[in-house]
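Some notes on the structure that comes next.
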Ligand code: NAD
């Protein structure tokens, strides 16, 4: 049995609502997005012909502040996926207590088959189609799968051209020279490790010497792996779209990062950059990855990776969700019964949006902090959120995901009752 991501997000919400006894009227509002926009994006391809792509922006909820959420370019994008990701952004921003609501965008396209110029035209036209819905006080996009600093620069520039002045605060995840923040690039992956560290500490445990497997070696997975190594853990396996590499004494992460970065730089059309071909490591079958003898598993690729089929095979004691929605509700239940602690996405990968918030604040001040300042602020807020979620889960005798939802829903509800309903 598999559910679409929007159904998964709704199942999680409804479970938390049941456990905390949430006001059914408020649940009725929160079960669906405030706004879902579908746009057609005509793009002049390099060969002179026009192709029309389909894109979405879901603005799920803005009770707590402007909509905030990434944009994904992938052939697998669906409306339901974008809706789920936007809902998760809403709860995530509330879990770490920043004044944002939740949104997400996606374009159905294969970025590996498009040239850089085509990607630029696609991004600019998508931005144009969404113009009236975006803005530093309205909705602030960021990178997600297969988008990055360059994509954000194109969005910022397009928006600014139409406004007639530079508006850096319209996106986050930009490069530093155009108003990005120090540390944003590393933030999500580093945050995953900070949260893992705090949760393990609460259990009287530590990252030191832990064996870790990481799925996904993009922005989130690669920086998580680097920081895990720094804190004394051993990343023994990495899996991405191109393959699975393994070394029992620990992979040389920086070399692996450089190896993938080099391929990305070349942007060869039709070639997926990844770990495949990296020298002096064992390669494994994709399925073998799930039953590896590790202490911690970090899914940092995409949704629906840990399912009822592979959840019984996991040997890890912790699953720390770098990706959004990697664990299905059925797998969640299996893991909970087996005593595997799942640190949920809306807490574990919130370092990204936290530093996005700090980037937005800096853009509005026109004053920029040094790296230590940014990491310090991120870390304090993340550790507090981890402790709050842990306490909430204990209070309600439930799993960390439900604990995180309850914390988020209490905060969203509080604002709703204060502001009340228009008209
Ligand atoms: P990315 O495009 O930088 O990297 C994606 C990685 O996942 C690549 O290594 C790719 O090969 C791998 N991958 C994709 N499908 C896979 C599959 N089926 N099996 C194995 N590997 C696969 O993307 P990212 O920004 O690192 O995002 C990864 C996840 O983290 C997504 O779920 C995203 O929503 C989430 N996330 C990202 C951020 C951020 O700041 N970038 C913040 C919060 C959450």
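Nothing in this text is a laboratory measurement; each read-out follows from the coordinates by a stated rule. Source: prediction; values computed, not measured. Virtual Cβ from ideal backbone geometry, glycine too; neighbours counted across all protein chains shown.
With the helix formula -39500 (n - 2.57) applied to DSSP H stretches of n ≥ 4, the chain reaches a computed 222 nm mean residue ellipticity of -14500 deg cm²/dmol.
Taking the range 378-393 and a reference point 7 angstrom along Cα→Cβ of residue 19, the backbone N atoms nearer than 17 Å belong to 385-393.
Working from Cα pairs under 8 Å separated by at least six residues, relative contact order for the range 226-373 is 16 percent. Here the range 219-238 and the range 368-423 have alpha carbon centers that stand 25 Å from each other.
Projected onto planes of every orientation and averaged, the convex hull of the alpha-carbon atoms in the range 76-156 covers 5.6 nm². Direction-averaged projected area, Cα convex hull, the range 185-348: 9.0 nm², rounded to one decimal. Site pair residue 247 and residue 208 shows an inter-label distance of 2.4 nm when each label is modelled 7 Å from Cα along Cα→Cβ.
Just want to confirm a number: the relative contact order over the chain, from Cα pairs under 8 angstrom separated by 6+ residues, in percent.
17
How big is D, in µm² s⁻¹, for the chain by Stokes-Einstein at 37 °C and 0.692 mPa s if Rh is the Kirkwood radius over C-alpha pairs? It comes out at roughly 152 µm²/s. Sequence-distant contacts, meaning Cα pairs under 8 Å at least 6 residues apart, place the relative contact order of the range 188-271 at 25 percent. Residue exposure proxy: 302, 36, 145, ordered by other Cβ atoms within 10 angstrom of their Cβ from fewest to most, comes out as 36, 302, 145. In terms of packing, defined here as the mean over residues of other Cβ atoms within 10 angstrom, the peptides 136-142, 274-280 line up highest first as 136-142, 274-280. DSSP bridge analysis restricted to the range 33-180 gives an antiparallel fraction near 65%, rounded to the nearest 5.
Computed log10 I(q)/I(0) for the range 326-414 at 0.14, 0.25 Å⁻¹: -0.60, -1.22, from the Debye equation with unit scatterers placed on every C-alpha and solvent omitted. Extents of the range 272-423, largest first, come to 55, 39, 30 Å (Cα atoms, principal axes, whole angstrom). With the convex hull drawn around the C-alpha atoms of the range 33-180, the volume per residue stands at 101 Å³. Among beta bridges identified by DSSP and lying wholly in the chain, the antiparallel ones come to about 50 percent. Of the residues 406, 50, the one with the fewest other Cβ atoms within 10 Å heads the list, and the complete ranking is 50, 406. Exposure proxy for 222, 115: other Cβ atoms within 10 Å of each Cβ, ordered fewest to most, give 115, 222.
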